[in-house]
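All remarks here apply to the structure that follows.
The values are calculated or read from the model by the stated rules, or taken from the named source; none is laboratory data. As the structure is a computational prediction, the values presented were derived from the model and not from experiment. When we count neighbours, we look across all protein chains shown, and the Cβ atoms used for this are built from the backbone with ideal geometry, even at glycine.
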Amino acid sequence: MPTSELTLLIEHSGADERHVIHEAAVAAGLMWKCRACPTAFLRVSEELCNECGRDREGRPLSDVRPGLYTAPDELWERLRTEVADHFRQEAFDPLPEAAAFPWESAQDAAPWSLTELTVHYGGRQHTHLTALEGTELEELLEEVALTVEPGYLEHLRLVLPR
């Protein structure tokens, strides 16, 4: 919850009061309501619904392509294929719907984490620890970084092929 006071209000309310509190929190900009899940109210800091994985506009999980410049689609597709292959080699079954590389540094080369990824399964997401240093994936991430010149704290997310 956005604030400890709001959390206390919700925890100490009945179902009818809770709905009113949630609606008031949405109106005040403290929470948002998922358009696909009628009972899901989320913190403003949450980008995706933790029930269905859709964003605030009700759109399904999508790529997040950071940066000031546009990289060629071929580069994104090479990266997408390499990420999917990485999860297949690690015997992920089923394959995640998406993988996100959180921002790690302000360096030009590989500003995204090579050891801690976020994997998405619908509305569920969790941290996946891995070692990508010295791999083709690291080289592709560096190539993307040099091409798009990402801004500070911009993460990168790729929806994986099914």
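Here are a few things to note about the model shown:
- Take the conditions (1) farther than 16 Å from residue 79 by Cβ; (2) touching a Leu at 6+ places or on another chain (Cβ under 7 Å); (3) not aromatic (Phe, Trp, Tyr); residue 131 misses just one of them, which is (2).
- The residues in the stretch 41-76 that are under 24 Å from residue 112 (Cα atoms) and either of a type in the set (Gly, Ala, Ser) or assigned to a loop (DSSP other than H, G, I, E, B) (or both) can be counted, and the count is 20.
- Only listed residue being touching a Gly at 6+ places or on another chain (Cβ under 8 Å), modelled with pLDDT of 90 or more and either buried (at least 16 other Cβ atoms within 10 Å of the Cβ) or closer than 29 Å to residue 138 by Cβ (or both), chosen from 52, 34: 34
- Being part of a helix (DSSP H, G or I) and either within 14 Å of residue 64 (Cβ to Cβ) or basic (Lys, Arg) (or both) is true of residue 79.
- The stretch 95-162 holds strands (runs of 3 or more DSSP E) entirely within its bounds, and those carrying 2 or more residues that are without any contact (Cβ under 8 Å) to a residue 60 or more places away in the chain and either surrounded by 14 or more Cβ atoms within 10 Å (Cβ to Cβ) or assigned by TED's automatic domain parsing to the domain that holds residue 79 (or both) map to 98-101, 116-121, 124-129.
- As a summary of the residue check, residue 64 satisfies the conditions (1) surrounded by 12 or more Cβ atoms within 10 Å (Cβ to Cβ); (2) in the same structural domain as residue 110 (by TED's automatic domain parsing) except for the one numbered (2).
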